[in-house]
1. What about Asn164, is it under 17 Å from Ile118 (Cα atoms) and either modelled with pLDDT under 95 or in contact with a Gly (Cβ under 6 Å, 6 or more places away or on another chain) (or both)?
2. Of everything in segment 124-138 that's out of contact with any Leu (no Cβ under 9 Å at 6 or more places or on another chain) and among the hydroxyl-bearing types (Ser, Thr, Tyr), which residue is surrounded by the fewest Cβ atoms within 10 Å (Cβ to Cβ)?
3. Take segment 159-209 and flag every residue that is among the β-branched types (Val, Ile, Thr) and either surrounded by 15 or more Cβ atoms within 10 Å (Cβ to Cβ) or part of a helix (DSSP H, G or I) (or both).
4. Just for segment 167-195: of the residues that are modelled with pLDDT under 95 and β-branched (Val, Ile, Thr), which one is farthest from Gly96 (Cα to Cα)?
5. Give me the helices (runs of 4 or more DSSP H) completely within segment 12-123, filtered to those with at least 2 residues that are open to solvent by less than 40 Å² (accessible area, probe 1.4 Å) and modelled with pLDDT under 90, ordered by residue number.
6. Residue pairs, Cβ under 7 Å, 6 or more apart or interchain, first in segment 139-156 and open to solvent by less than 40 Å² (accessible area, probe 1.4 Å), second not in a strand (DSSP E or B). List them.
Amino acid sequence: MKNAKSTIVAAATMLLTACGTLGQTGSSSSTTGDILGAVITDVLQGGTLGNVITSVIGAQKVTSADLIGSWTYSGPGCAFTSEQLLAKAGGEIVAGQIKTKVLPYYQQIGISSQNTAITIKQDGTYAATFRGTPMSGRWTYDEASSRITLQGLLLNMNCYAKRNVNGIALLFDASKLLTLLQAAAAMSGNQNIQAIGDISKSYDGLRLGFDFSR
């Protein structure tokens, strides 16, 4: 247990250094430093060490059949594209901390389980609501890359599917997610959504989005 803790603490410290947060100031570095500081503290206290699992897109293959059904938003989604040791060993801990940071911004622009959901149909169509705004169109899925393409009148985006314990996650590149969130932020009057982009830029291969459950 001691060796495992040391390994993850060392990994988190390496990531902290790689992100350029040591000895720097600024909103992005401060945010990342807060997240990783919380990670190290939590590991040392033993709060999440037992829950360390891989949080990498593609680590568990998601089939087209797995996606079929009606899904309700359950919280922010987060995963890494890299299968490097750091992402495998500490990804889920880091992801949990990032989700905690992102959740208030989602809440501020009004994203909730009451107004955000998606139904993925076997006939290649989908119907969704995002913050109460209806969307529909066609979807295709590439199992090799875990990439979903959503096409519709109001939305044309690529995202990535990941299997969760209680459902699935749909995860986006930072720029694509910000496009979606900024539209909602403009309607809600919230101007702080760029902080999510700052978090994304701090981690190589990070994808953010939405967790869904049935």
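The values are calculated or read from the model by the stated rules, or taken from the named source; none is laboratory data. Just so we're clear, the structure is a prediction, and the values are computed from it rather than from any experiment. Neighbour counts are summed over all protein chains in view; Cβ atoms, including those assigned to glycine, are modelled from backbone coordinates with ideal geometry. Surface areas here come from the heavy atoms of the whole protein model, side chains and all, with no ligands, DNA or RNA. Shrake-Rupley method; radii C 1.70, N 1.55, O 1.52, S 1.80 Å.
1. Details: under 17 Å from Ile118 (Cα atoms): yes; either modelled with pLDDT under 95 or in contact with a Gly (Cβ under 6 Å, 6 or more places away or on another chain) (or both): yes.
Against the criterion (under 17 Å from Ile118 (Cα atoms) and either modelled with pLDDT under 95 or in contact with a Gly (Cβ under 6 Å, 6 or more places away or on another chain) (or both)), Asn164 qualifies.
2. Of the residues in segment 124-138, the ones out of contact with any Leu (no Cβ under 9 Å at 6 or more places or on another chain) are 124-125, 127, 129, 131-132.
So of that shortlist, the ones also among the hydroxyl-bearing types (Ser, Thr, Tyr) come out as 125, 129.
Values: Thr125: 14, Thr129: 16.
If we take residues in segment 124-138 being out of contact with any Leu (no Cβ under 9 Å at 6 or more places or on another chain) and among the hydroxyl-bearing types (Ser, Thr, Tyr), then Thr125 is surrounded by the fewest Cβ atoms within 10 Å (Cβ to Cβ).
3. Applying the first criterion (among the β-branched types (Val, Ile, Thr)) to segment 159-209 yields 165, 168, 179, 193, 196, 199.
Selection gives Ile168, Thr179, Ile193, Ile196, Ile199.
4. Filtering first and then ranking leaves Thr179.
5. On the way: elements: 27-44, 64-67, 85-108.
Filter on segment 12-123 gives 27-44, 85-108.
6. Close Cβ pairs (under 7 Å, with a partner that is not in a strand (DSSP E or B)) amount to Trp139/Gly124; Tyr141/Ser64; Tyr141/Leu67; Ser146/Ile57; Ser146/Gly58; Ser146/Val62.
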